[in-house]
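Below is one structure, written out as structure tokens, with a few remarks after it.
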Amino acid sequence: HLLQRRFADVVSMAEEWDLPRIWRRRSLDGGAIGSSKGRRLSQVTQESPVDPLSKLFRRNVSVAPGGPGSPGSGAAVTRAFPAVRLMAAAAAFGHKAKVTPSVQLREVEIETRPNQSHEVQVQKSPPVSPTPKRKERLSLTSWAVGGFTDTGPSPEPRRLSGEGRLSLEMVSKLRKKRNAIDLHTRKQSVDHTEEEAEHSHFVPLCIFERKPPVDVHQTPQVAPRRSRKSSAKARPSAALGGAHRGLWLQSFRRYLYDGEIHADDLPKALLHSGIEDIRPELIAVVLVKVAEYNTLDEEEFLHFMCQYEEEQREDALTHFQKFAVNGQVSMESMSELLAALELTPRRRVITQICGSREVSEERGEAMTGLDFPQFLKVVEMLRQRFCFLQEELEQFRSVFQVFDRDNSGGMSLAELSSALAWLGFPISGSLCSLHQQHDLDSKGVLTEVEFLRCLRSLYEEEAQTIKQYLNLLQNGRCRRGSELEQLLHTLGYTTTVDILVDALQAHNLCKGYVRNSQLLGMAFSEVGFTLGLNELRELTCSIRTRDGFSDEEMEEMRKAFSMQSKSEAEISTPAIQKALRWLGHMYSFEMVQHLVTELDIDGDCMLDFTLFVKLIRKCRDRDRQEVANAFFALDPLDSGFLDQDQQMQALESLGLAEMNIPEMAEGIRLQQFLKIVQHIKFDPVRVQKLRENDFFEEHEVLELHRHFGRFDTDGSGELQEQELVMLIEALFPRHANLREFRPYFSDLLAFADVNRNGCLDFKEFVRFIRKIRDLQDEFQFEVYKETLEELGFSNKEAADLHTFFLETAGLGTLTFGEVKDMIAGSFNLSEKESQKVLIFCRCAVESCGDELAGEINFLSFLHVMRQVLDAGWASG
């Protein structure tokens, strides 16, 4: 009792000082816990003493009646504990534990009698019937949670490292090592946790080291480690892996943990090895054949990979025989057979692969189906192509290159979102889980193969959604336009009736209909057709490839592109701005240049027709976002509706209030408001009027008419010789009287003078002004390219800096003070460094020759940023 009292005092002091770790270390090192220094002795009372073992292990302890705390305590008191924990406590007390090696260490009893020494006795537990569950190797987790049990003739389990006692330094190193484990290490399997773990809240440090308790007064005897191969199942003696051995070993080392690979990491190891057929049931079957434990060493892993390939072949043969007739499987049953192997390609993909040279060369002319070797070849090609068409695979790889501009071979989460939007996939919610699921290396970027796997999973998820929707319909077919619209809405696609009709006609799914007369006055929701799973999958693919444009709109874009293209292959940024204006998109040159830089792959500021279509879609998306912002700004209560007054205010904020506005409804939602704005901006009448006015808006035409009247001094409605001289001097004050510029002005006047009478009427005057502005944009474009080359900025860096500039400047300029505040706030500059920014601004304006004093445009801003970067402020 006195010893228990002293021990309880030490535990209480340790808890008050928050020193449980020091106590545990000293108990394991055999330190004198009961030393006289700092020890307080308490008198023995009749109260029930505090059990130190219950505080140490925080376990539920069963106390026999008549314990030491009860009156007349003289009988023995029995408390049961796991052997390893009790022996660690006994070692701290300085007493020996009598352990028989052949006995299972299940329970230990402490007998406490008055005036007698404490003795630890081991009792043999009744035999336990074997359980059918899979054996666990004595891993770190199983030792830490449930203690250890004897698994054979040798009672000494293996250790992590070292043979001596656990010191505080070793504990600190071990804790740092565990805290440093990141996502690259293996995760804990639920099979590692034993049933007793739910009752344990505190684990002694000796268990984490996988050391059996030893007598602190004796030198520990280290038992020889049992051979790992003694518990493994039979393996082939020949070299494993063959040609794939090197890749398999790389995968093994990639997911290696404590010398072995866990079953939880086998799917990732298979993918890392280039095996796309990952099925948990096959992994479980093969795992049982090659190993007894949930972890595999190197030789077992190589054996597993060999057996997995064999199991794949046997499984494919089993399913093939179910569908084969006379040793061949027909093309009609291919989809069902492939679905049994968890492959869901579209019918076009199957047809393309079966008709490829690799498969067709092995087929005879009399063969109507595929035999087993040919079927295996089809399955192999499907997995190599990720169940895509060959042209789709090439397109997806080119898209990966577009968003991998630094050639790092990786795609971040933001780049994945942009790539999916580029490809036309409807994005709803966060893509973080999708990105993490396919990021096998956990580096935050996707490789090209991982990106293709990501796209394949999106195809499979979409097919599963379509299949579930069809199960709700009669006969599992989509038969009405309303059902099709509901399905596309469920999938997240936003299309128009024209786009749906064009996509249906492209696959001969909506026969007998033509544009503007195909419905004969009937609503699209009432149109009848019959669409199954394969037809609907082809329809969604067609919608994605159209980028949200109908055939008529695509034809208009081709016309605009060909009008500005000189080589009929690519057009430059100034020509792109003209093509956009011809289609009704009125953007400034700076904004067009920014959009082109985001899409330009090779950095030459040239786009082909495919990228030109992507650019127009970005313009539409930007317009839709601008309209949505105006809608939500006038709906502060988030009601989802705008009344007529709010609609007019939104149109005024968008600059559309003076245009031909259709009749407004009392309350409209966002989608309805988007359609109204779309109709106003791209009304054919408005677009035609813009083309007639050389792409000047109505208010700009009025402003030009005022300037024309100022130079038409005689009121004749034409600008004659002397009036033209006044016009040139007003427009070009620096160069009007220079001899070398006279040919340039003569060419301008000749271009504007359509009727060749030597005078300019108002329409010719508008043409003259438009030509001058186009030449200014072309000159600015050349200066922009020269500036990037001079300052050493890439197109991507320039695009990032332009975004940084537009956040504050919009489409205008910045004052010196605004530039100073923006840069100083971004790079945490001191007051002295902030004053240097003003000097950089003045130097940039002088070098660019800007006429606006105290104003910084984007080209001048590039010069400022180069000086800031050269000063080293950005790195700090």
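The values are calculated or read from the model by the stated rules, or taken from the named source; none is laboratory data. Being a predicted model, the structure only gives us computed values, none of them experimental. Cβ placement follows ideal geometry from the backbone for every residue including glycine, while neighbour counts extend to all protein chains displayed. When the accessible area is computed, the model is the full protein with side chains, heavy atoms only, and any ligands, DNA or RNA have been set aside. Shrake-Rupley method; radii C 1.70, N 1.55, O 1.52, S 1.80 Å.
Of everything in the range 526-537, what is open to solvent by 10 Å² or more (accessible area, probe 1.4 Å) and more than 16 Å from Gln464 (Cβ to Cβ)? Give them in sequence order.
Glu526, Gly528, Phe529, Thr530, Glu535
If we scan the range 238-245, do we find a residue that is over 30 Å from Val379 (Cβ atoms), at pLDDT below 85 and buried (at least 17 other Cβ atoms within 10 Å of the Cβ)?
Looking through the range 238-245, none of the residues is over 30 Å from Val379 (Cβ atoms), at pLDDT below 85 and buried (at least 17 other Cβ atoms within 10 Å of the Cβ).
I'd like to verify a number: residues in the range 595-626 that are modelled with pLDDT under 85 and open to solvent by less than 20 Å² (accessible area, probe 1.4 Å), how many?
4
Taking the conditions exactly as written (modelled with pLDDT of 85 or more and either assigned to a helix (DSSP H, G or I) or within 17 Å of the chain's Cα centre (by Cα) (or both)), does Arg453 satisfy them or not?
yes
Return the residue satisfying two criteria in turn: it lies in the range 710-745 and is more than 17 Å from Cys759 (Cβ to Cβ) and among the aromatic types (Phe, Trp, Tyr), and of such residues it is most open to solvent (accessible area, probe 1.4 Å).
Tyr744
A quick yes/no check of all residues on (1) within 18 Å of Val399 (Cβ to Cβ); (2) open to solvent by 20 Å² or more (accessible area, probe 1.4 Å):
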{"site": "Leu434", "(1), (2)": "yes, no"}
{"site": "Leu440", "(1), (2)": "no, no"}
{"site": "Ser457", "(1), (2)": "yes, no"}
{"site": "Gln464", "(1), (2)": "no, yes"}
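Scan the range 385-401 and give yes if some residue there is buried (at least 19 other Cβ atoms within 10 Å of the Cβ), on the phi > 0 side of the Ramachandran plot, in contact with a Lys or Arg (Cβ under 8 Å, 6 or more places away or on another chain) and not hydroxyl-bearing (Ser, Thr, Tyr), otherwise no.
Scanning the range 385-401, I find at least one residue that is buried (at least 19 other Cβ atoms within 10 Å of the Cβ), on the phi > 0 side of the Ramachandran plot, in contact with a Lys or Arg (Cβ under 8 Å, 6 or more places away or on another chain) and not hydroxyl-bearing (Ser, Thr, Tyr), so the answer is yes.
Is it the case that Arg624 is farther than 24 Å from Gly424 by Cβ and either without any contact (Cβ under 8 Å) to a residue 24 or more places away in the chain or part of a helix (DSSP H, G or I) (or both)?
Here the answer is no, as Arg624 does not meet what is asked.
Determine which member of the set Asp498, Asp404 is of a type in the set (Asp, Glu) and surrounded by fewer than 20 Cβ atoms within 10 Å (Cβ to Cβ).
Unique residue meeting the criteria: Asp498.
Of all residues in the range 290-311, count the ones that are open to solvent by 10 Å² or more (accessible area, probe 1.4 Å) and modelled with pLDDT of 90 or more.
The qualifying residues number 10.
(1) within 29 Å of Met586 (Cβ to Cβ); (2) in contact with a Cys (Cβ under 9 Å, 6 or more places away or on another chain): which one isn't true of Gln776, the others all being true?
It is condition (2) that Gln776 fails.
May I ask you to list pairs of residues, at least six apart or on different chains, whose Cβ atoms are under 8 Å apart, with the first in the range 582-602 being over 17 Å from Glu626 (Cα atoms) and the second being among the β-branched types (Val, Ile, Thr) and in a loop (DSSP other than H, G, I, E, B)?
none
Within the range 557-572, can you find the residues that are crowded, with 17+ Cβ neighbours inside 10 Å and modelled with pLDDT of 85 or more?
Met557, Ala560, Phe561, Gln564, Glu570, Ile571, Ser572 - these are the residues of the range 557-572 that are crowded, with 17+ Cβ neighbours inside 10 Å and modelled with pLDDT of 85 or more.
Report, by residue number, each residue of the range 627-655 that is open to solvent by 70 Å² or more (accessible area, probe 1.4 Å) and charged (D, E, K, R).
Matches in the range 627-655: Asp638, Asp645, Glu652.
Of everything in the range 746-757 that's touching a helix residue (DSSP H, G or I) at 6+ places or on another chain (Cβ under 8 Å) and open to solvent by less than 70 Å² (accessible area, probe 1.4 Å), which residue is farthest from Lys771 (Cα to Cα)?
Asp753
Does the range 605-614 contain any residue that is in a helix (DSSP H, G or I), over 30 Å from the mean Cα position of the chain (by Cα) and over 13 Å from Ser572 (Cα atoms)?
no
Do you know which of the residues in the range 582-593 that are more than 11 Å from Cys619 (Cβ to Cβ) and in contact with a Leu (Cβ under 7 Å, 6 or more places away or on another chain) is least open to solvent (accessible area, probe 1.4 Å)?
The selected residue is Ser588.
Which residues, counting only those in the range 466-491, are open to solvent by less than 40 Å² (accessible area, probe 1.4 Å) and hydrophobic (A, V, I, L, M, F, W, C)?
Of everything in the range 466-491, those that are open to solvent by less than 40 Å² (accessible area, probe 1.4 Å) and hydrophobic (A, V, I, L, M, F, W, C) turn out to be Ile466, Leu470, Leu473, Cys478, Leu484, Leu487, Leu488, Leu491.
Across the range 546-578, which residue is nearest to Val613 (Cα to Cα) among those that are acidic (Asp, Glu), within 34 Å of the chain's Cα centre (by Cα) and part of a helix (DSSP H, G or I)?
Among residues in the range 546-578 that are acidic (Asp, Glu), within 34 Å of the chain's Cα centre (by Cα) and part of a helix (DSSP H, G or I), the one nearest to Val613 (Cα to Cα) is Glu553.
Could you grab me the full set of residues in the range 667-694 that are without any contact (Cβ under 8 Å) to a residue 12 or more places away in the chain and more than 42 Å from the chain's Cα centre (by Cα)?
Hits for the range 667-694 are Gln688, Lys689, Glu692.
Here is a check on your reading of the model: is Val677 β-branched (Val, Ile, Thr), surrounded by 15 or more Cβ atoms within 10 Å (Cβ to Cβ), assigned to a helix (DSSP H, G or I) and touching a Gly at 6+ places or on another chain (Cβ under 6 Å)?
Taking the combined requirement at face value, the residue does not satisfy it.
When you look at Glu658, is it out of contact with any helix residue (DSSP H, G or I) (no Cβ under 6 Å at 6 or more places or on another chain), open to solvent by 90 Å² or more (accessible area, probe 1.4 Å), part of a loop (DSSP other than H, G, I, E, B) and touching a residue at least 40 places away in the same chain (Cβ under 8 Å), yes or no?
So Glu658 passes the test.
Can you find, within the range 407-417, the residue that is nearest to the chain's Cα centre (by Cα) among those that are of a type outside the set (Ser, Thr, Tyr) and either in a helix (DSSP H, G or I) or surrounded by 13 or more Cβ atoms within 10 Å (Cβ to Cβ) (or both)?
Once the filter is applied, the top-ranked residue is Leu413.
Consider only pairs whose beta carbons are under 7 Å apart and that are at least six residues apart or on different chains; among these, list those whose first residue lies in the range 695-706 and is over 21 Å from Asn660 (Cβ atoms) and whose second residue is β-branched (Val, Ile, Thr).
Leu704/Val766; Leu704/Ile769
Looking only at the range 334-364, filter to residues that are small (Gly, Ala, Ser) and modelled with pLDDT under 85; which one of those is surrounded by the fewest Cβ atoms within 10 Å (Cβ to Cβ)?
Within the range 334-364, the match that is surrounded by the fewest Cβ atoms within 10 Å (Cβ to Cβ) is Gly364.
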